[in-house]
1. Regarding GLU110, is this residue assigned to a helix (DSSP H, G or I) and over 22 Å from PHE175 (Cβ atoms)?
2. List pairs: first in the stretch 81-108 and among the acidic types (Asp, Glu), second at pLDDT 85 or above, Cβ under 7 Å, 6+ apart or cross-chain?
3. State whether the residues of the stretch 34-43 include one that is among the aromatic types (Phe, Trp, Tyr) and under 18 Å from the mean Cα position of the chain (by Cα).
4. Return the pairs, sorted by first residue and then second, in which the second residue is of a type in the set (S, T, N, Q), the first residue lies in the stretch 12-40 and is touching a residue at least 12 places away in the same chain (Cβ under 8 Å), the beta carbons are less than 6 Å apart, and the residues are 6+ apart or on different chains.
5. Looking only at residues that are touching a Phe, Trp or Tyr at 6+ places or on another chain (Cβ under 7 Å) and closer than 23 Å to ASN150 by Cα in the stretch 9-68, which one is surrounded by the fewest Cβ atoms within 10 Å (Cβ to Cβ)?
6. Take the residues in the stretch 50-68 that are hydroxyl-bearing (Ser, Thr, Tyr) and in a helix (DSSP H, G or I); name whichever of them is farthest from the chain's Cα centre (by Cα).
7. Restricting to the stretch 122-158, what's the tally of residues that are without any contact (Cβ under 8 Å) to a residue 24 or more places away in the chain, within 30 Å of THR57 (Cβ to Cβ) and of a type in the set (A, V, I, L, M, F, W, C)?
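The values are calculated or read from the model by the stated rules, or taken from the named source; none is laboratory data. Keep in mind it's a predicted model, so treat the numbers as computed, not measured. As a convention, Cβ positions derive from the backbone with ideal geometry for all residues, glycine included, and neighbour counts pool all protein chains shown.
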Amino acid sequence: MEIFGFVVLALTAAAVIYVIVMYNRLVNLKHNATKAWSNIDVLLKQRHDELPKLVATCKQYMQYEKDTLERVINARSRAAHARAAGDIGALGAAEGALRIGLGQLFALAEDYPDLKANETFQHLQGRITGLENSIADRREFYNESVNLNNIGIEEFPDVIVARLFNFKSFQLLEFEQSELADVNIDGLFQS
């Protein structure tokens, strides 16, 4: 009987240790995804803070490009609302529209030599381009963290611990197909 009691105690201890290890792994995955989102959020806020300055600078020179400027402003507003609401799907769509609008704005700036030569515009364009690159890098890290979290909470036997402690999946940050398509530069310069 003594051996049977020892075996039961050893198996119980192993099961408890295994649950603790799984729980800690799932907590780590969850926090990595949250941290990755926080990194993106900081960059999005920085870029959104720069956009009004860029639009104000462009308005001084691009009197005939109001549609492009309004698209950038509207996309910025939609992205800010989606970010505040925590709607990752809507944020992806709004950010995609914003990136397209910025691409069009920078392409149209080529027609305005005074704007291109403006020091403020050059600084803002460089700053926003740098932020765009950082956002793309962080988005990749975020999506990888989300993917690892989502797989972790669905794999057996981790799924038992995940359901027991109510671990949730995260949504990937995806952009619309329109952002993935090439921008028609020729179309931007036709009236």
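1. Yes, satisfied.
2. Partner pairs satisfying both residue conditions: GLU95/ALA79.
3. yes
4. What qualifies is LEU29/ASN149; LYS30/ASN149; ASN32/SER145; ALA33/SER145; ALA33/ASN149; ALA36/SER145.
5. That would be TYR23.
6. The extreme case among them is TYR61.
7. 1
Quick grid of which residues meet (1) modelled with pLDDT of 85 or more; (2) more than 22 Å from VAL42 (Cβ to Cβ); (3) touching a helix residue (DSSP H, G or I) at 6+ places or on another chain (Cβ under 9 Å):
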{"position": "ASP67", "(1), (2), (3)": "no, yes, no"}
{"position": "ARG76", "(1), (2), (3)": "yes, no, yes"}
{"position": "GLY92", "(1), (2), (3)": "yes, no, yes"}
{"position": "THR120", "(1), (2), (3)": "yes, yes, yes"}
{"position": "GLN125", "(1), (2), (3)": "yes, no, yes"}
